[in-house]
Amino acid sequence: MKITLTFDNGPTPDTTPAVLDTLTRHGLLATFCVLGHRIAAREARACAERAHAEGHWICNHTWTHQTPLGLMPDPPAAVAEIADTQRELGNLIHPDHFFRPFGGGGNLDQRLLQPAVVDHLIEGAYTLVLWNAIPRDWVDIDGWVETAMEQCASQDWTQIVLHDLPTGAMRHLDRFLHQAKDAGAVFTQSHNPTCTPMLRGKITRPLEGYMASGPVLIEALTEKK
């Protein structure tokens, strides 16, 4: 059982430092998928800079995290969600230009991307960082560890999404890591290739299942939100 840890939607000054402390105690490295509007604030950026200095990888996770890019009717605005965040990241950018799209609650479907976004990712030599496990810690604040353990046990390599947000859920991160280790899990910072359909701008797996195409599909998906 292999596990890659990723943390979304931060950094937040009242939660990210504790997450970093826990990871340090366990000797683990993760990927932090950060929001542009957060790291524009001094204290939050300091958290991202600390994570970067300690060997964690920083990933672009859009600027606002409000609307999945595939549902945005204005392609330039969708591209700007990525480009603006990348500029804000500055020296925190990983050489592989990691990017994680917003799934609107963890959905892995055509909400994620649209053609203009894919073109931008290819041009910028981005690496898509998706996932195959979401224990919904932002909802099940005290019970997500059990869900996470079930998800990890169900597959050989889990790329899990947790959230360094001030919900209280990360109080249980230490317990999750201990349980996973006791179950024989091996942690890696590397990303699962099955969750990386684009590597440095090269498409490695079909993107059709993640990409809205045309205003009719975008409108239909919007109605389902």
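The values are calculated or read from the model by the stated rules, or taken from the named source; none is laboratory data. Bear in mind the structure is a predicted one, so any value in this text is a computation, not a measurement. Here the Cβ positions follow ideal geometry from the backbone for every residue, glycine too, while neighbour counts run over all protein chains shown.
Screening the candidates G143, G184 for the property of being of a type outside the set (D, E, K, R), over 28 Å from I39 (Cα atoms) and in contact (Cβ under 8 Å) with a residue 12 or more places away in the chain yields one hit, G184.
Looking only at the stretch 131-160, count every residue that is of a type in the set (G, A, S), out of contact with any helix residue (DSSP H, G or I) (no Cβ under 8 Å at 6 or more places or on another chain) and either at pLDDT below 95 or not in a helix (DSSP H, G or I) (or both) and tell me the total. The number of residues fulfilling the criteria is 2.
Just one of the listed residues (N107, N132) is in contact (Cβ under 8 Å) with a residue 12 or more places away in the chain, in contact with a strand residue (DSSP E or B) (Cβ under 6 Å, 6 or more places away or on another chain) and surrounded by 14 or more Cβ atoms within 10 Å (Cβ to Cβ), namely N132. Go through the stretch 161-184 and give me each residue that's assigned to a helix (DSSP H, G or I) and either of a type in the set (D, E) or over 15 Å from L20 (Cβ atoms) (or both). Within the stretch 161-184, A169, H172, D174, R175, F176, H178, Q179, A180, K181, D182 qualify.
Scanning the stretch 135-165 for residues that are buried (at least 21 other Cβ atoms within 10 Å of the Cβ) and closer than 24 Å to I203 by Cα yields T158, Q159, I160, V161. From the list A40, A78, A46, the one residue that fits, being surrounded by 15 or more Cβ atoms within 10 Å (Cβ to Cβ), touching a residue at least 24 places away in the same chain (Cβ under 8 Å), touching a helix residue (DSSP H, G or I) at 6+ places or on another chain (Cβ under 7 Å) and small (G, A, S), is A78. Those helices (runs of 4 or more DSSP H) of the stretch 1-53 in which 1 or more residues are among the polar types (S, T, N, Q) and at negative phi occupy 16-26.
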